[in-house]
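*Asks:* One structure is given below, represented as structure tokens, and several questions about it will come after.
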Amino acid sequence: MTLSDTPAQIHLPNGFSFSSVAAGIKASGRPDLALVTCSAGTRAAAVFTKNRVVAAPVQVGRAALKRARGRVRALVVNSGNANCATGAAGMAACRQVCREAARHLGVNPTEVFPSSTGIIGVPLPAEKIVVRLPELVAQQAATEEAACQFAQTIMTTDMRPKLASVRFRSRGTEVRLLGIAKGAGMIHPQLATMLVYVLTDVAARTTELKRHLVQTSEETFNCISIDGDTSTNDTVLLLASGQADVRLDQCTKAFNAALLEVCRSLARQIVRDGEGAQHVIRLSVEQAKTREEAKQVARAIAHSALVKTAWAGADPNWGRILAAIGYSGAPVNPARVNIFIGAQQVCRNGSAAHFDQKEAHFHLAQSECDIRVQLGRGRSRLHFYTTDLTAEYVRINADYST
């Protein structure tokens with residue numbers, strides 16, 4: 001199996017075409033409307049935001065997947081407008097886009113999956129999208145260049161496009177997976193705030209795809225956080241065209257490993273691109289009673305403004321980490337907690353350990369840093385990726401809508 005998360009080295013699955021245009025949704029005038037078309041027989045599964053405020057495309061897409069029993073022929077994504085908190089007009093605009101895209105493609109509207117990302121509470125200008133659909137359909141191409149342009153088109157505050165791909169052989173046939181994601185802010189587990197599309201040419205049933213996607217998302221996208229905010233538009237969509245002539249049940253182990261690698265790469269890329277982030281933190285919580293307990297502690301640490309600002313200054317203030325563990329809700333005994341920064345133990349059994357502060361500061365000043373926590377309660381462990389919190393994050397989000 002070969003992994004690539006570099007746009008110049010992607011492995012394009014068979015059965016998919018891409019296109020992008022500028023529809024005038026983004027004030028910058030950059031491309032903001034993208035399309036993926038899928039070959040007949042493509043099956044899909046998705047997981048969505050857990051926010052109770054749900055954007056129109058999430059509602060429409062979820063219902064369409066159910067009605068079409070997982071059949072998808074096209075994915076239409078706009079950036080620059082979330083189409084959330086837009087009422088009945090927002091739902092109507094989303095359905096209009098799906099209906100018109102289906103008409104141009106000659107497919108059923110329930111087989112068109114919509115996604116939107118951008119500012120909340122602004123009416124979606126469906127008329128701008130509809131008028132560009134003929135051009136969008138005409139320009140579709142099954143090329144790496146078109147896939148990379150798609151990845152750039154769906155960006156909002158992202159600094160760079162996010163792609164990852166894997167290929168492996170099964171029964172003498174090559175199977176390919178390509179993941180494309182966007183996300184840089186409002187990133188928080190359940191789901192991480194993002195749009196993620198994973199395309200593969202393996203043949204699979206919707207139930208199989210859903211089982212693999214849920215498990216993989218739990219291990220990847222639900223184990224990252226940038227700012228603790230959960231968006232209204234989160235979507236992870238897995239599409240299987242069946243063009244590789246290999247069934248998923250014939251390569252389950254290899255496919256599961258490939259899907260995990262793609263999603264793990266995309267999750268890490270999202271964290272690295274965190275708004276204003278200077279440091280990526282690889283946070284390990286060990287010796288927990290259960291995996292859920294480890295995640296509970298990891299979230300408390302990752303969401304603490306005091307902890308994150310200490311990381312921004314490369315300050316080895318382990319006391320803030322210990323305090324976050326204490327209020328996480330996990331029934332920990334502080335006298336059994338150990339904390340490590342890099343290779344150095346900075347807290348032993350809930351109290352200060354002798355360590356070299358300059359060395360700890362130097363480790364935290366690197367672009368990627370390791371923090372390890374031992375709870376002394378069991379054998380479960382969890383790896384969690386997060387970032388620091390900088391003044392640049394405040395600037396980006398203070399100016400976002402203006």
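*Asks:* Quick one: which of Val346, Val271 is of a type in the set (A, V, I, L, M), touching a Pro at 6+ places or on another chain (Cβ under 7 Å) and surrounded by 23 or more Cβ atoms within 10 Å (Cβ to Cβ)?
*Replies:* Just a single option satisfies the conditions, and that option is Val346.
*Asks:* Identify all residues within segment 111-125 that are surrounded by 21 or more Cβ atoms within 10 Å (Cβ to Cβ) and in contact with a helix residue (DSSP H, G or I) (Cβ under 8 Å, 6 or more places away or on another chain); write none if there are none.
*Replies:* Result: Glu111, Val112, Phe113, Pro114, Ser115, Ser116, Leu124.
*Asks:* Scanning for something in contact with a helix residue (DSSP H, G or I) (Cβ under 6 Å, 6 or more places away or on another chain), part of a loop (DSSP other than H, G, I, E, B), within 21 Å of Leu259 (Cβ to Cβ) and in contact (Cβ under 8 Å) with a residue 24 or more places away in the chain, does segment 19-31 turn up at least one residue?
*Replies:* Among the residues of segment 19-31, not one is in contact with a helix residue (DSSP H, G or I) (Cβ under 6 Å, 6 or more places away or on another chain), part of a loop (DSSP other than H, G, I, E, B), within 21 Å of Leu259 (Cβ to Cβ) and in contact (Cβ under 8 Å) with a residue 24 or more places away in the chain, which makes the answer no.
*Asks:* Here's a follow-up. Working only within segment 244-262, note down all residues that are of a type in the set (A, V, I, L, M) and over 16 Å from Gln215 (Cα atoms).
*Replies:* Across segment 244-262, the qualifying residues are Ala244, Val246.
*Asks:* Where the second residue is polar (S, T, N, Q) and surrounded by 15 or more Cβ atoms within 10 Å (Cβ to Cβ) and the first is without any contact (Cβ under 8 Å) to a residue 12 or more places away in the chain and lies in segment 325-352, which pairs have Cβ atoms under 7 Å and are six or more apart or on separate chains?
*Replies:* Gln345/Asn338; Arg348/Asn338
*Asks:* Shifting gears a bit: Please enumerate the residues belonging to segment 349-377 that are on the phi > 0 side of the Ramachandran plot and surrounded by fewer than 14 Cβ atoms within 10 Å (Cβ to Cβ).
*Replies:* Answer for segment 349-377, where residues must be on the phi > 0 side of the Ramachandran plot and surrounded by fewer than 14 Cβ atoms within 10 Å (Cβ to Cβ): just Asn349.
*Asks:* Within segment 240-262, is there a residue that is assigned by TED's automatic domain parsing to the domain that holds Phe113 and assigned to a strand (DSSP E or B)?
*Replies:* Yes: one or more hits.
*Asks:* So, Val97, is that one more than 21 Å from the chain's Cα centre (by Cα) and crowded, with 21+ Cβ neighbours inside 10 Å or not?
*Replies:* Yes: the conditions hold for Val97.
*Asks:* Which of (1) surrounded by fewer than 21 Cβ atoms within 10 Å (Cβ to Cβ); (2) modelled with pLDDT under 95 does Lys289 not meet, given it meets every other one?
*Replies:* Tallying (1) surrounded by fewer than 21 Cβ atoms within 10 Å (Cβ to Cβ); (2) modelled with pLDDT under 95, Lys289 fails exactly one: (2).
*Asks:* A further question follows. Every residue in segment 50-69 that is under 12 Å from Leu237 (Cβ atoms) and crowded, with 20+ Cβ neighbours inside 10 Å, please.
*Replies:* Of everything in segment 50-69, those that are under 12 Å from Leu237 (Cβ atoms) and crowded, with 20+ Cβ neighbours inside 10 Å turn out to be Pro57, Val58, Gly61, Ala64, Leu65.
*Asks:* Let me ask something else about it. For segment 79-123, give me each residue that is among the hydroxyl-bearing types (Ser, Thr, Tyr) and in a helix (DSSP H, G or I).
*Replies:* Selection gives Thr110 alone.
*Asks:* Which one of Gln149, Gln190 is surrounded by fewer than 24 Cβ atoms within 10 Å (Cβ to Cβ), touching a Ser or Thr at 6+ places or on another chain (Cβ under 7 Å) and modelled with pLDDT of 95 or more?
*Replies:* None of the other options fit; the residue is Gln149.
*Asks:* Scan segment 299-312 and give yes if some residue there is in contact (Cβ under 8 Å) with a residue 12 or more places away in the chain, of a type in the set (Ser, Thr, Tyr) and out of contact with any strand residue (DSSP E or B) (no Cβ under 8 Å at 6 or more places or on another chain), otherwise no.
*Replies:* yes
*Asks:* OK, next. Conditions first: (1) under 24 Å from Asp158 (Cβ atoms); (2) surrounded by 20 or more Cβ atoms within 10 Å (Cβ to Cβ); (3) not β-branched (Val, Ile, Thr). Leu260 passes all but one, so which condition is the exception?
*Replies:* That leaves (2) as the condition not met.
*Asks:* Looking at segment 13-29 only, could you name the residues that are of a type in the set (A, V, I, L, M, F, W, C) and surrounded by 19 or more Cβ atoms within 10 Å (Cβ to Cβ)?
*Replies:* Correct list: Phe16, Phe18, Val21, Ala23, Ile25.
*Asks:* Same structure, new question: For Glu208, which of the numbered conditions (1) over 16 Å from Arg43 (Cβ atoms); (2) modelled with pLDDT of 85 or more; (3) not in a strand (DSSP E or B) fails to hold?
*Replies:* Here Glu208 meets the rest and fails (1).
The values are calculated or read from the model by the stated rules, or taken from the named source; none is laboratory data. The shown structure was predicted, so the numbers you read here are calculated from the model rather than taken from an experiment. FYI the Cβ positions are ideal-geometry reconstructions off the backbone, even for glycines, and counts take in every protein chain you see.
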